[in-house]
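One structure below.
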Amino acid sequence: MNMPLFQLVCFYLFAAVTVAGAVAVISVRNTIHAALFLVLTFFSSACLWMLLQAEFLALALIVVYVGAVMVMFLFVVMMLDIDQERVREGFVRYLPVGLVVALVMLAEMLGMIGVRAMHQQALGPDPAQVAGGSNIRWLGEVLFTQYLLPFEVAALILTVGVVAAVALTLRVRAGTKHESPARQVQADPAQRVRLVKMAAELPQPEPVAPAAEESAS
């Protein structure tokens, strides 16, 4: 894909920021800083998608991951009291196994994608440009016409996952306190609040002591 000079410079700049942010995510010691660097990585990746004219993926990456997922990550990290020393000990202990698994996964992905085929085969024309519209419009038309059934099945699976997560969270555990909305609605306010009516009394002036009167005279 031939890019103008300005877009090419922006591409290399965004790519460098993305790589630097990804390295900082796994290298910094502070968990909050790692989450913020992950936000920077997501935003730079969205800028790369925007340069590639994939507006929907860029907006979805910002709205879903930066706007929702990362906020949840930060909330959980700030709420939990994590022992950083024990986490680092476990990381160093399982680092060789993790490297082996990562290398095997990398080899499998390269074998599936095919580096030579990716460089030799030219990409076809952009379907959005062929249709004469934007990327988001073309994606919406294809999603709600040709792939409507898989889209509805995916939405149903996500709904079942949300219901299952709520059901697992609301299970009864020993030693925890729960609130019953039904019992709260059935509560009688007359048995909880008692109004007491008392007569108002004006404060009486304090009497003057005799000694104070003689000294005044």
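The values are calculated or read from the model by the stated rules, or taken from the named source; none is laboratory data. A quick note: this is a predicted structure, and the numbers were derived from the prediction, not measured. Counting neighbours? That spans all protein chains shown, and the Cβs are built from the backbone with ideal geometry, glycine included.
Computed values, structure above
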| quantity | calculated |
| --- | --- |
| For residue 40: the one exception among (1) more than 30 Å from residue 95 (Cβ to Cβ); (2) crowded, with 16+ Cβ neighbours inside 10 Å | (1) |
| Test for residue 160: is it outside any loop (DSSP other than H, G, I, E, B) and at pLDDT 90 or above | yes |
| The lone exception for residue 167 - which of (1) part of a helix (DSSP H, G or I); (2) surrounded by 10 or more Cβ atoms within 10 Å (Cβ to Cβ) it fails | (2) |
| Sole exception among (1) small (Gly, Ala, Ser); (2) surrounded by 10 or more Cβ atoms within 10 Å (Cβ to Cβ); (3) modelled with pLDDT under 70 for residue 154, by number | (3) |
| Verdict on residue 26 being surrounded by fewer than 17 Cβ atoms within 10 Å (Cβ to Cβ) and modelled with pLDDT under 80 | no |
| Subset of segment 35-67 (residues that are part of a helix (DSSP H, G or I) and under 17 Å from residue 12 (Cβ atoms)) | 40, 41, 43, 44, 45, 46, 47, 48, 49, 50, 51 |
| Near pairs, Cβ below 7 angstrom, 6+ apart or cross-chain, from segment 61-75 (farther than 17 Å from residue 33 by Cα and without any contact (Cβ under 8 Å) to a residue 40 or more places away in the chain) to any residue that is of a type in the set (Gly, Ala, Ser) and part of a helix (DSSP H, G or I) | 61/45; 61/46; 62/46 |
| Verdict on residue 31 being surrounded by 13 or more Cβ atoms within 10 Å (Cβ to Cβ), of a type in the set (S, T, N, Q) and over 28 Å from residue 136 (Cβ atoms) | yes |
| Single residue of 1, 72, 79, 105 found to be surrounded by fewer than 16 Cβ atoms within 10 Å (Cβ to Cβ), out of contact with any helix residue (DSSP H, G or I) (no Cβ under 8 Å at 6 or more places or on another chain), at pLDDT below 85 and closer than 19 Å to residue 135 by Cβ | 1 |
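Rundown of residues vs (1) modelled with pLDDT of 80 or more; (2) farther than 30 Å from residue 53 by Cβ, yes/no style:
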{"residue": "133", "(1), (2)": "no, no"}
{"residue": "136", "(1), (2)": "no, no"}
{"residue": "167", "(1), (2)": "yes, yes"}
{"residue": "175", "(1), (2)": "no, yes"}
{"residue": "182", "(1), (2)": "yes, yes"}
{"residue": "197", "(1), (2)": "yes, yes"}
{"residue": "203", "(1), (2)": "no, yes"}
{"residue": "209", "(1), (2)": "no, yes"}
{"residue": "215", "(1), (2)": "no, yes"}
